[in-house]
Amino acid sequence: MAWPDETTFYYSLLAAWAAAAGVFFAVLLRTPAPYGRFSRPGWGRGVPNRVAWAVMESPAVVVVAFLFVVGRNKSPECVAFLALWMSHYVYRTIVYPLRMRSAGKMPSLTVLSAAAFQVVNAYLQGRGLFTILPSRGWQWLTGGRFVLGACMFVAGLAVVLHSDSVLRSLRRPGEGAYRIPHGGLFRWVSCPNYLGEMIEWAGWAVLTWSPAGLAFAVWTAANLVPRALANHRWYRRQFPDYPPRRKAVLPWIL
């Protein structure tokens with residue numbers, strides 16, 4: 001039996017990957033992923049949070065960088081795609097873990113499953129953009145799709161950075177207690193960091209105009225919307241004085 005060529009394999013994997021997002025969305029609506037305030041027994045030994053985040057996110061840096069180096073498309077728009085991707089994932093892999101104040105741990109199976117997700121997603125993004133899809137040339141960088149998507153990406157990243165800073169300021173080093181966050185988009189939603197990520201990767205889908213980019217935007221929402229709803233319910237249970245008009249993740253809506 002002949003093996004499928006890589007393009008056939010790539011699009012088959014991408015279709016299965018997109019379909020899996022719906023399944024995981026349904027599961028996560030019922031049962032939050034087991035980390036942070038929703039950690040529970042049965043998911044392996046605890047991994048220190050700093051180590052866990054570095055392990056989980058590093059495949060997104062390593063795999064995409066490797067696929068750029070070995071890929072056939074190194075035109076200016078691909079360099080821009082790589083720079084934007086790395087601006088998020090170098091932060092998540094190195095800067096964010098180093099600045100964490102929580103001394104908690106994450107279950108090892110959660111860490112491994114998140115790292116596996118990043119390997120697959122990084123392959124789909126990097127191989128698609130740098131090898132399988134045709135080069136679009138420098139003109140792409142001045143087109144409406146790239147400009148709009150890049151603005152969304154940068155705005156979403158700015159929301160993520162600010163929200164992370166607010167959450168970090170609530171804790172002293174090594175402390176694990178939770179408090180009500182205020183300021184920025186926390187005025188309107190419980191999880192602006194998740195909203196920022198959804199804006200970011202929706203922007204990525206627009207600026208790359210790629211099926212893999214769209215699949216990642218869908219996966220981001222499928223993962224983070226249920227998490228935001230669970231966090232919002234948790235805040236309301238824990239804090240009787242929690243702001244009553246605050247929504248979970250979409251201002252005035254959800």
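Details
This table checks each residue for (1) more than 22 Å from H88 (Cα to Cα); (2) touching a strand residue (DSSP E or B) at 6+ places or on another chain (Cβ under 8 Å).
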| site | (1), (2) |
| --- | --- |
| L124 | no, no |
| I132 | yes, no |
| F146 | no, no |
| A155 | no, no |
| S165 | no, no |
| W188 | yes, yes |
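- Qualifying residue in segment 55-62 (condition: within 25 Å of H162 (Cβ to Cβ) and of a type in the set (D, E, K, R)): yes
- Matching residues, segment 114-129, being small (G, A, S) and buried (at least 16 other Cβ atoms within 10 Å of the Cβ): A114, A115, A122, G126, G128
- W85, sole failed condition from (1) more than 20 Å from the chain's Cα centre (by Cα); (2) crowded, with 18+ Cβ neighbours inside 10 Å: (1)
- Scanning segment 204-226 finds no residues that are surrounded by 15 or more Cβ atoms within 10 Å (Cβ to Cβ), of a type outside the set (D, E, K, R), modelled with pLDDT under 90 and part of a loop (DSSP other than H, G, I, E, B).
- Count of segment 23-46 residues which are exposed (fewer than 11 other Cβ atoms within 10 Å of the Cβ) and not hydrophobic (A, V, I, L, M, F, W, C): 5
- Matching residues, segment 177-203, being part of a helix (DSSP H, G or I) and of a type in the set (A, V, I, L, M, F, W, C): L185, F186, L195, M198, I199, W201, A202
- In segment 158-175 there is at least one residue that is within 19 Å of F81 (Cβ to Cβ) and either surrounded by 15 or more Cβ atoms within 10 Å (Cβ to Cβ) or out of contact with any Gly (no Cβ under 9 Å at 6 or more places or on another chain) (or both).
- Residue in segment 183-203 that is within 27 Å of V55 (Cβ to Cβ) and among the charged types (D, E, K, R) present: yes
- Residues located in segment 33-82, provided they are part of a loop (DSSP other than H, G, I, E, B), closer than 24 Å to E200 by Cα and hydroxyl-bearing (S, T, Y): Y35, S75
- Which listed residue is in a helix (DSSP H, G or I) and either under 28 Å from Q238 (Cβ atoms) or without any contact (Cβ under 8 Å) to a residue 40 or more places away in the chain (or both), from L161, L141: L161
- No other residue among G44, G22 is outside the structural domain of V120 (by TED's automatic domain parsing) and touching a residue at least 12 places away in the same chain (Cβ under 8 Å) apart from G22.
Residue by residue, here is whether (1) at pLDDT 95 or above; (2) within 21 Å of the chain's Cα centre (by Cα); (3) charged (D, E, K, R) holds:
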{"residue": "S113", "(1), (2), (3)": "no, yes, no"}
{"residue": "F117", "(1), (2), (3)": "yes, yes, no"}
{"residue": "R127", "(1), (2), (3)": "yes, yes, yes"}
{"residue": "F130", "(1), (2), (3)": "yes, yes, no"}
{"residue": "F146", "(1), (2), (3)": "yes, yes, no"}
{"residue": "A150", "(1), (2), (3)": "yes, yes, no"}
{"residue": "G156", "(1), (2), (3)": "yes, yes, no"}
{"residue": "V159", "(1), (2), (3)": "yes, yes, no"}
{"residue": "D164", "(1), (2), (3)": "no, yes, yes"}
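- Checked against the criterion of being surrounded by 15 or more Cβ atoms within 10 Å (Cβ to Cβ) and in contact with a Ser or Thr (Cβ under 9 Å, 6 or more places away or on another chain), the candidates A18, A65, A80, A60 yield just one match: A60.
- Of A177, A217, all but one fail to be small (G, A, S) and within 30 Å of A19 (Cβ to Cβ); the exception is A217.
- Selection count where residues are under 12 Å from the mean Cα position of the chain (by Cα), closer than 30 Å to Y10 by Cβ and among the polar types (S, T, N, Q), scope segment 188-239: 2
- Residue pairs whose Cβ atoms lie under 7 Å apart, separated by 6 or more positions or on different chains, with the first residue in segment 212-227 and over 15 Å from V119 (Cα atoms) and the second aliphatic (A, V, I, L, M) and not in a helix (DSSP H, G or I), are V225/V249; R227/A33.
The values are calculated or read from the model by the stated rules, or taken from the named source; none is laboratory data. Note that the coordinates shown come from a computational prediction; the quantities given were computed from them, not determined experimentally. Neighbour counts run over all protein chains shown; Cβ positions are idealised from the backbone, glycine included.
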